[in-house]
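A quick write-up on the structure given underneath.
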Amino acid sequence: MKIRKAVFPVAGLGTRFLPATKASPKEMLPLVDKPLIQYVIEEAIEAGIKEVVMITGRGKNAIEDHFDISFELEHVLKGKNQNSLLEEIQRISNLVDFCYIRQKEPLGLGHAILRAKEIIGDEPFAVLLGDDIIYSDIPAIKQLIDIYEKYQSSVIAVEEVEKKYIFNYGVIEHKKVADSVYQISNLVEKPLPDKAPSNLAIIGRYILTPEIFDILEKTKPGRGGEIQLTDGLNDMLKHQVIYGYKFEGKRYDAGNKLGFLKATVEFALRRPDLGEEFRNYLKGLELT
Ligand code: UTP
């Protein structure tokens, strides 16, 4: 079955970015001039996704507004003949069909995904987390869709992570089955470096079969009192094969400050309109 729908859980509190995220969503922080969430939505659209299901929460209205029509702004831009900006603003609101579901309390990523059960129905779907921004030739989620189409099983994006940072991630125990493809036997959430089953960490891109919903309904709150997707996936492993796929591309952890800064610098350096001047500025930088 084709992957047509994608779920974007954006209901987290973004505590790592306080105070910036006290009253505005982390997903609206801009990389140069485009909010994080727009990069991830565009990745999904490029991969052929037709329906976007956003799981939102309190204080996230700016995300809805961003993808909506803004009559006032369009009127002003038209009046000033700022046509390229006008086109860009209109393009954003015409990107794709959006549907918003509220997660009333941030009870975990597994709980957030479960909110999408009715709207997804009985078909496989993609999940993309806005914290992970991936720069690649082929959209990362498209790479996962291709693996799903080949193996007809759930697929999770993984990446090699240095041992000293592994405690920040979910980590897979696996058997390699093909180039960059791993059959998963266990998932361990945030292990100590010497307890990690491998150096392959889970990144925020997934293709999931709809059986995950029944499993998440039965998943008990785990670490932090939250319903963890990792716990649900471990349950799913008892009935179904799940693969890890080492995608091609550069990933930025934009959910933490250092990762966000690195992404900002590198995306700015890649921009034809800014790159050269910004590079010269960085080269000559002397802090007083
Ligand atoms: P994180 O825990 O990494 O992000 O959740 P967070 O909660 O937003 O940020 P910190 O850790 O407090 O700084 C991973 C993803 O799952 C979503 C988040 O929005 C993020 O995209 N999420 C998490 C939900 O939608 N609901 C939840 O209850 C928890």
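The values are calculated or read from the model by the stated rules, or taken from the named source; none is laboratory data. Just so it is clear, the structure is predicted and the values come from calculations on it, not from any experiment. Heads up, the Cβs are rebuilt from the backbone with ideal geometry, glycines too, and the neighbour counts pull from every protein chain shown. Surface areas here come from the heavy atoms of the whole protein model, side chains and all, with no ligands, DNA or RNA. Shrake-Rupley method; radii C 1.70, N 1.55, O 1.52, S 1.80 Å.
Here are some notes:
- Scan of the stretch 107-134 for residues that are part of a helix (DSSP H, G or I), within 14 Å of the ligand (Cβ to nearest atom) and open to solvent by less than 40 Å² (accessible area, probe 1.4 Å), ordered by number: Gly110, His111, Ala112, Ile113, Leu114
- Members of the stretch 27-38 found to be charged (D, E, K, R) and open to solvent by less than 20 Å² (accessible area, probe 1.4 Å), listed by number: Glu27
- Close pairs from the stretch 8-19: first on the phi > 0 side of the Ramachandran plot and open to solvent by 80 Å² or more (accessible area, probe 1.4 Å), partner within 6 Å of the ligand (Cβ to nearest atom) and of a type in the set (D, E, K, R), Cβ under 7 Å, at least 6 apart: none
- From the list Thr230, Thr288, Thr219, the one residue that fits, being open to solvent by 60 Å² or more (accessible area, probe 1.4 Å) and of a type in the set (Val, Ile, Thr), is Thr288.
- Listed here are the helices (runs of 4 or more DSSP H) enclosed by the stretch 7-106 that have at least 3 residues being out of contact with any strand residue (DSSP E or B) (no Cβ under 9 Å at 6 or more places or on another chain), within 29 Å of Glu266 (Cα to Cα) and away from the ligand (no atom under 16 Å from the Cβ): 83-93.
- Meets criteria (open to solvent by less than 90 Å² (accessible area, probe 1.4 Å), touching a helix residue (DSSP H, G or I) at 6+ places or on another chain (Cβ under 6 Å) and in contact (Cβ under 8 Å) with a residue 40 or more places away in the chain) for Leu86: no
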